[in-house]
Amino acid sequence: TGVIRFYTHVDNTCAANTTPRTRAILCGTPPPAPLNDNCSAPIALTAGGVYTDNDVDGTTFGATASSQANPTTCNGYSGGDVWFSVVVPASGNLTIETSAPLAGGTGIDTVVTAYSGDCAVLNQIGCDDDGATESVVGFTLLTLTGQTPGSTILLRVYEYNNDLPGSFSISAY
């Protein structure tokens, strides 16, 4: 069975509620979960020198809540997360950034939480919400320093409050 979400919009700016409003209600089968919906199946990112070297599109459409513990320092987690991984380069330093999708559109308000370890025992090593300079929508810019070269970092990406799923672009450099 699928999950059906209903959203209510309250608008108290209309004088005597005389202005008609039109709202769309989507019915049907919910979208399938993305391939990287679970920590055990992250999409591997390749660390580049700059953002545009290896940026890829991702989506939270159809994403579900992970069984791992909620992030401890970033706010807005309400499920609907997707996972990525990246191998730490020889410098031990990485920047993780999100922006508008390569395929077009404005993107979503992303939050990224970074972990060392594996899906059974995650150690949160950083997170960011709205740190990118391109903050029209609320993109992420997370800098990690002093990491172990060759180790794998797991990245949990979610839309703040999980109330507007959508697409984004992500890169590690």
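The values are calculated or read from the model by the stated rules, or taken from the named source; none is laboratory data. Nothing here was measured: the structure is a model prediction, and the numbers come from that model. Positions of Cβ are generated from backbone atoms using ideal geometry, with glycine treated the same way; all protein chains shown enter the neighbour counts. Just the protein is used for accessible areas: all its heavy atoms, side chains included, with ligands, DNA and RNA removed. Shrake-Rupley method; radii C 1.70, N 1.55, O 1.52, S 1.80 Å.
At least 2 residues being over 21 Å from GLY166 (Cβ atoms) is the threshold, and among the strands (runs of 3 or more DSSP E) wholly inside segment 35-89 those reaching it are 82-87.
Residue count for segment 120-133 satisfying the condition of being polar (S, T, N, Q), open to solvent by 70 Å² or more (accessible area, probe 1.4 Å) and either under 15 Å from ASN93 (Cα atoms) or at pLDDT 95 or above (or both): 1.
Residue pairs whose Cβ atoms lie under 6 Å apart, sitting 6 or more positions apart in sequence or on different chains, and linking a residue in segment 69-84 that is within 21 Å of GLY117 (Cβ to Cβ) to a partner that is of a type in the set (Lys, Arg) and open to solvent by 40 Å² or more (accessible area, probe 1.4 Å), do not occur here. Tell me, which residue of segment 134-173 that is among the charged types (D, E, K, R) and within 14 Å of the chain's Cα centre (by Cα) is most open to solvent (accessible area, probe 1.4 Å)? Taking the candidates together, the pick is ASP163. In the set (1) outside any strand (DSSP E or B); (2) closer than 22 Å to VAL87 by Cβ; (3) in contact with a helix residue (DSSP H, G or I) (Cβ under 7 Å, 6 or more places away or on another chain), SER171 fails one condition alone, (1). Scan segment 115-148 for residues that are under 24 Å from SER40 (Cβ atoms) and part of a loop (DSSP other than H, G, I, E, B) and the total you get is 5.
When restricted to residues that are touching a Ser or Thr at 6+ places or on another chain (Cβ under 7 Å), among the small types (Gly, Ala, Ser) and open to solvent by 50 Å² or more (accessible area, probe 1.4 Å), segment 41-92 contains 1.
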